[in-house]
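Novice: To start, I am sharing the structure in question, which I have written as structure tokens.
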């Protein structure tokens, strides 16, 4: 099954606030930051100044921690090549082992100066009637430059074959970062989704709305062309019992723990698209098979236990207490 695909993606640069988060934004970094301060003792957190990825200021009265969410080749990370500049930070915190390894290989960041504290989610509570068996709902719920053009083309092809047996829900906009103008290059793509009878474009919606949609979804269609350092969208989809269709690219193998319907990534967007549509078609055909149902139940149990905030908050607390006491974390 082949597709004609246009590569209309671009890299987007956004301006951070003083601590590295984006004012008015609710992207992955901001969600993790909010959750951290809701779950870990604020008296303990106040002993540190935690910078998220982009360094604008350091606190001379507190121990500074650099919580890295971006890729090693980001221009804002290049200062970490300098051992003297790294001394500003008591520790570099990474969100995946994959990410830490790339900083080590690409920038020479020693493992001894690093720690991995993975992202986390609140498990999604499911009920047996959440997912309609008559219509298979496919979802895409991350920013458009990560592969929405490929996902759209694939679902468009499947809709020609399967008609109203499938429906595609798209939650995608740079408005999540407070930059709706960055959607401009994707306006035609959004319009095509709006016009398609088997698709719904929801734009940006708060996380609780997306989580509710994930309960009804069967498949997270994610032909990622962006080197994820982790993937909160995948974690929430896994907790919601969705099949993940994605390539073995960047941190996705680590994040999905071997549960995803994973295929070989290819740099050529056309080759990638053709592989993806075949994998997505197979996922649709097999979504209600007993073996798939058992695997998705196991997947949910795994992600709910290993990526939940109760566990991660305890890890953060132990880490910060060790640092506060003067021990090497």
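The values are calculated or read from the model by the stated rules, or taken from the named source; none is laboratory data. Values in this document were obtained by computation on a predicted structure and should not be read as measured data. Using ideal geometry, Cβ is built from the backbone for each residue, glycine included, and neighbour counts are taken over all protein chains shown.
Novice: Quick one: count up the residues across region 157-188 that are farther than 30 Å from residue 288 by Cα and in a helix (DSSP H, G or I).
Specialist: 13
Novice: Now for a different question. Looking at region 293-318, which of its residues are surrounded by 14 or more Cβ atoms within 10 Å (Cβ to Cβ) and closer than 21 Å to residue 263 by Cβ?
Specialist: 295, 296, 299, 302, 303, listed by residue number.
Novice: In addition: For residues that are surrounded by fewer than 17 Cβ atoms within 10 Å (Cβ to Cβ) and modelled with pLDDT under 95, tally how many sit in region 38-60.
Specialist: 5
Residue-by-condition table, conditions (1) under 23 Å from the mean Cα position of the chain (by Cα); (2) assigned by TED's automatic domain parsing to the domain that holds residue 224; (3) surrounded by 19 or more Cβ atoms within 10 Å (Cβ to Cβ):
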position	(1), (2), (3)
268	yes, yes, no
273	yes, yes, yes
277	yes, yes, yes
286	no, yes, no
291	no, yes, no
320	no, no, yes
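Novice: Would you mind stating whether residue 194 is touching a residue at least 24 places away in the same chain (Cβ under 8 Å) and either part of a helix (DSSP H, G or I) or touching a strand residue (DSSP E or B) at 6+ places or on another chain (Cβ under 9 Å) (or both)?
Specialist: Criteria not met by residue 194.
Novice: Next question, about the same structure. Quick test for you: out of 124, 193, pick the one residue that is crowded, with 19+ Cβ neighbours inside 10 Å, within 21 Å of residue 284 (Cβ to Cβ) and touching a helix residue (DSSP H, G or I) at 6+ places or on another chain (Cβ under 7 Å).
Specialist: 193
Novice: Quick test of your reading of the structure: residue 226 fulfils all but one of (1) buried (at least 20 other Cβ atoms within 10 Å of the Cβ); (2) in contact with a helix residue (DSSP H, G or I) (Cβ under 6 Å, 6 or more places away or on another chain); (3) closer than 30 Å to residue 53 by Cβ; (4) modelled with pLDDT of 95 or more. Name the failing condition by number.
Specialist: Residue 226 satisfies all of (1) buried (at least 20 other Cβ atoms within 10 Å of the Cβ); (2) in contact with a helix residue (DSSP H, G or I) (Cβ under 6 Å, 6 or more places away or on another chain); (3) closer than 30 Å to residue 53 by Cβ; (4) modelled with pLDDT of 95 or more except (1).
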